[in-house]
Structures are given as C-alpha cells and as structure tokens.
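The values are calculated or read from the model by the stated rules, or taken from the named source; none is laboratory data. Since the structure is predicted, the reported quantities are computational estimates derived from the model, not experimental observations. Cβ placement follows ideal geometry from the backbone for every residue including glycine, while neighbour counts extend to all protein chains displayed.
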Amino acid sequence: MKNLPLLGLILPLICSYISVATAQSHNVTWGMVGPNDTLLEREIVTKKYKFLRIIDEEFAYPRENFSNDYIITAVRVTDLYTDGDGGYAMLTSGGPGVKYVTINLKSQRTHGFNFIIEVFGREDK
C-alpha cells in the first residue's frame, strides 16, 4: 500500500513511453545515396482513406513510355504520417543496381497514406 502513489506516477510514464515508441513513421531506404548521385525522380503519392478498406497503389520509375539512362543507386520512401497510421512500402521489382524500380504502397485498414518517393542514380558508363 505504501507504493501505490509511486505506482500512480510510474504507470502513466510507462504507458506514454510505449505509445511514443510504437507511433512511428514507416520510412524505408533501399541502397545508398552517394556524393555524385543525381536525384532522378521525386514524387509525392497521397491517397485518402476508405472506410474499412486497405488502399493499394503501384509506383514505377521510369514512367511508361519513358527511358532511363541512369543506374539506380538508392530509393528513399518517406512516410509523412508520423503517428504510426501511415502506409507501408515494399520493393516489388528493380531497385539499386538496375535502371527501373517498382514499389507497392499499401495503407493500413481505414487509413490513407502520404509518401515522398525519391529515386537516386548515376550515369551508366
């Protein structure tokens, strides 16, 4: 019984730490950006939520009917939802070392997503 006031102080701190630790962005980077790399593409991909649905979208570089003369060195996907409610990005084909990349973007149920996708590369010599 003597420790009850102390428990009343510690328990809220533990709960707030757990909620902060789990509420994070779902950022991902494939490869590494070098000092001589060029930003090939930067796109913001946003989808609004649909009630009780999971939203799915494909991002592809280069765009259809376009070519790419650069070797991709890195792909960076930044989740702009910082509260842990954002989506997830999965590399489905290509990426660092080749000239193309396809990424699948997926939301959590009843949430949307908002990503910045950056593709870096260097000239193919």
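Do you know which residues across segment 20-45 are small (Gly, Ala, Ser) and touching a residue at least 40 places away in the same chain (Cβ under 8 Å)?
Scanning segment 20-45 gives Ala23, Ser25, Gly31, Gly34.
Collect the residues in segment 84-111 that are more than 13 Å from the chain's Cα centre (by Cα) and within 17 Å of Ser25 (Cβ to Cβ), keeping them in residue-number order.
Residue satisfying the conditions is His111 alone.
Would you check which residues across segment 61-75 are surrounded by 15 or more Cβ atoms within 10 Å (Cβ to Cβ) and in contact (Cβ under 8 Å) with a residue 40 or more places away in the chain and list them?
Tyr61, Asn68, Tyr70, Ile71, Ile72, Thr73, Ala74, Val75
Among the residues that make up segment 5-25, is at least one of them assigned to a helix (DSSP H, G or I) and either touching a Pro at 6+ places or on another chain (Cβ under 8 Å) or at pLDDT 55 or above (or both)?
Within segment 5-25, one or more residues are assigned to a helix (DSSP H, G or I) and either touching a Pro at 6+ places or on another chain (Cβ under 8 Å) or at pLDDT 55 or above (or both).
How many of the residues in segment 108-125 are in a loop (DSSP other than H, G, I, E, B) and under 12 Å from Val45 (Cα atoms)?
1
How many residues does segment 95-110 contain that are in contact with a Ser or Thr (Cβ under 7 Å, 6 or more places away or on another chain) and surrounded by fewer than 19 Cβ atoms within 10 Å (Cβ to Cβ)?
3
For residues in segment 46-60 being under 20 Å from His26 (Cα atoms) and without any contact (Cβ under 8 Å) to a residue 60 or more places away in the chain, which is surrounded by the most Cβ atoms within 10 Å (Cβ to Cβ)?
Phe59
For segment 32-100, list the strands (runs of 3 or more DSSP E) that sit wholly inside it and hold at least 2 residues that are in contact with a Lys or Arg (Cβ under 8 Å, 6 or more places away or on another chain) and farther than 17 Å from His111 by Cβ; which are they?
Counting at least 2 such residues, we get 70-79.
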